[in-house]
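Everything below concerns the one structure shown next.
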Amino acid sequence: MAERSTAAVDVADNSGEQPLTAKADQSTSDGAAKNPERDTDSDKAQGSSEAEGPGRKASPPELHSGHKLARRYRLEECVTRLDGFSSWRAVDEKLRRAVGVHVLPADHPRARSVLAAARSSALLGDPRFVQVLDAVEENDLVYVVHEWLPDATELSTLLAGGPLEPHDAYQMVSQVASAMAAAHREGLAHLRLNPNAVLRASTGQWRIRGLAVNAALRGISSDTPQRTDTEAIGALLYAALTLRWPYDNDAYGLSGLPKDLGLIPPDQVRAGVHRGLSELAMRALANDGATASRHETPCTTPEELVKAIGEMPRIRPPEPAFTAPPEYQRTTYQQGTYGRQSPRPGATQPIAPPPPPLQSRTGKALKWAVSALLIAALGLGSWQLADALMDQGDKSDDTHQSQTTDNGDKNAAKPKPVPIAIQGSQEFVAQYGPQNAGAESKTYDGDASTYWKTKSFDEGPPIAPYKPGVGIVYDLGSAKQLSTATLDLRYGGDHTTVELYAADSLTPASLDSMTKIGSVTTTGTTATVKATKSVKSQYVLVWLTAVPNSGYDATLYASPGYKQAIGEVKFTG
């Protein structure tokens with residue numbers, strides 16, 4: 001069940017052609033119980049589906065567990081069989097990994113649009129989306145192969161345990177909105193964003209499945225795709241805050257709002273809802289084409305929603321609960337009696353006599369020898385003590401003269417390093433495109449598990465000639481004397497070269513306009529760069545010119561190759 005809930009399939013729960021009035025066709029799962037549900041996407045929000053005549057209905061292909069596609073993808077379990085297509089959990093025998101597969105006949109009326117949507121989605125290559133791995137037409141079949149994420153959990157499953165914490169809800173809407181903004185910039189829309197299409201990985205990252213493909217499978221289109229996806233993100237945030245679906249129908253295990261009540265803000269539905277997130281959800285939602293927020297302008301595109309999120313005060317994660325250690329428990333046994341046999345009550349214990357003194361001739365000689373040694377040791381010690389005191393007096397005179405001559409400089413204490421707080425950051429692009437724009441703040445958020453990462457390069461460790469280097473400019477608030485910069489790196493091996501530059505602004509014109517103040521090369525996961533020039537600057541560039549080689553990183557979804565990621569950056573002056 002854990003794997004099935006994380007497959008990139010979004011058709012079993014939301015499949016009706018008439019979303020608010022008709023129930024979906026029943027889906028089967030190789031003998032699993034049928035569980036038809038009412039579709040939760042309204043025609044107004046998701047667009048209208050294509051009309052299909054009875055004669056145009058395509059019959060699903062006769063497939064079964066164990067069937068192989070392209071002599072590579074072995075079908076394991078049917079997740080959905082509906083409306084002429086089926087969705088499967090399968091195994092890629094070539095790469096030995098689990099995948100998901102959508103299959104439909106080549107003569108299906110939507111086969112061409114599904115292929116086009118899958119290939120467009122695959123070209124995006126954004127790790128925030130469940131990736132399309134293959135899209136093929138073969139042997140009268142069209143099939144789309146996509147990632148299978150066994151360690152991810154659907155938002156609908158998370159909400160079954162209660163509403164999200166404000167920080168989790170903030171992370172969800174922020175990551176989903178920024179991902180959809182990137183997709184729309186490439187001309188791609190989702191049109192079926194719902195709690196089953198949004199997943200949280202074990203690393204805490206949120207991912208979106210079914211970009212363009214799920215809508216193509218259902219024949220859904222929209223005249224205002226950006227407005228449709230923005231409203232869907234608002235509905236996700238509304239559900240995460242209130243455990244209610246912001247429409248008058250029940251969906252995804254959530255109760256809808258009363259029909260006579262209308263759309264009300266989340267903080268009026270449930271006590272304790274974060275006010276800023278409540279306002280944000282209402283700005284993204286639409287009610288008959290008008291914003292439901294009374295105070296702010298509506299957000300009609302994911303880009304506008306990302307901007308609105310950026311203007312909000314940052315919501316920090318909750319403090320970890322501290323568990324007090326158990327009180328110290330004293331032992332009950334008495335000192336000196338542990339392990340001994342306890343005497344019987346009333347019995348008199350014999351007293352052991354002391355050992356006899358050294359009364360023999362040998363004993364007397366030994367005592368005299370010991371006494372002589374003690375007297376000699378005392379005399380020698382007294383002589384050494386007097387000699388040491390005399391030397392100390394001579395040295396104190398010399399020290400006093402040295403202090404007088406040097407004006408006290410020799411005893412001056414070295415200044416302690418002072419941490420410098422980072423006030424802002426901006427990725428510096430010297431040539432071609434950025435590496436991971438928008439993630440710069442992760443390098444000083446106090447969370448060592450978040451990273452700003454570079455792209456993967458085919459050759460290295462030197463990044464040149466692809467680029468002269470990659471890095472981030474940091475704003476220290478005011479001009480400060482920098483002594484060291486410490487970087488927590490994710491990948492070791494080969495070598496990483498880090499250089500420091502003093503810049504004139506957060507967006508310097510070029511690398512030549514800056515002053516180099518230090519560099520270091522390391523093969524580990526920590527780099528400490530010491531400033532070799534005494535320069536005061538408000539802006540400092542951390543510049544990577546060489547990165548190590550490492551394999552695929554499933555946590556950061558980073559391809560194999562020469563790459564590096566920065567966790568935390570700390571400056572001291």
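The values are calculated or read from the model by the stated rules, or taken from the named source; none is laboratory data. For clarity, every value in this text was computed on a predicted model and none was experimentally measured. Neighbour counts are summed over all protein chains in view; Cβ atoms, including those assigned to glycine, are modelled from backbone coordinates with ideal geometry. All accessible areas refer to the heavy atoms of the entire protein, side chains included, with ligands and DNA or RNA removed. Shrake-Rupley method; radii C 1.70, N 1.55, O 1.52, S 1.80 Å.
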Show the residues, 5+ positions off or on another chain, whose built amide H is closer than 5 Å to the amide H of residue 472.
428, 542
Net charge dipole size for the range 499-558 [Lys, Arg +1 and Asp, Glu -1 on Cβ; Debye, nearest 20]
260
Enumerate the calculated ³J(HN,Hα) couplings along the range 446-459 in order (Karplus 6.51 cos²θ - 1.76 cosθ + 1.60, θ = phi - 60°), each rounded to whole Hz, writing x wherever the residue is Gly or Pro.
x, 10, 6, 8, 9, 9, 9, 10, 8, 7, 8, 10, 6, 10
Per the range 495-573, sqrt(5λ) over the Cα gyration tensor eigenvalues, sorted largest first, in Å, gives 26, 14, 11
Considering only protein heavy atoms, with the full assembly of protein chains and a 1.4 angstrom probe, order 192, 227, 119 by accessible area, largest first.
119, 227, 192
Filtering GluC sites (Glu not before Pro) in the range 64-136 by DSSP loop and by at most 12 other Cβ atoms within 10 Å leaves 93
Accessible-area order (highest first, 1.4 angstrom probe) of the listed residues 390, 514:
390, 514
How many angstrom lie between the Cα centre of the range 189-263 and the Cα centre of the range 66-83?
28
Using modelled backbone amide H atoms (1.01 Å from N, in-plane), which distant-in-sequence or interchain residues come within less than 5 Å of residue 564's amide H?
454
Sort 516, 467 from largest to smallest accessible area, using a 1.4 Å probe on the heavy atoms of the protein chains.
516, 467
For the range 75-81, 3J(HN,Hα) per residue [Karplus equation, 6.51 cos²θ - 1.76 cosθ + 1.60, θ = phi - 60°, Hz, x = Gly/Pro]:
6, 10, 9, 7, 8, 8, 9
Of 146-158, 536-548, ordering from highest average Cβ density within 10 Å down gives 536-548, 146-158
Hey, can you grab everything whose amide H is under 5 Å from the amide H of residue 425? Only 5+ residues off in sequence or another chain; H modelled, so Pro and N-termini drop out.
475
For the range 96-112, in order, what is each residue's ³J(HN,Hα) by Karplus, 6.51 cos²θ - 1.76 cosθ + 1.60 with θ = phi - 60°, in whole Hz (x at glycine and Pro)?
6, 8, 7, 9, x, 9, 9, 10, 8, x, 5, 8, 5, x, 10, 4, 5
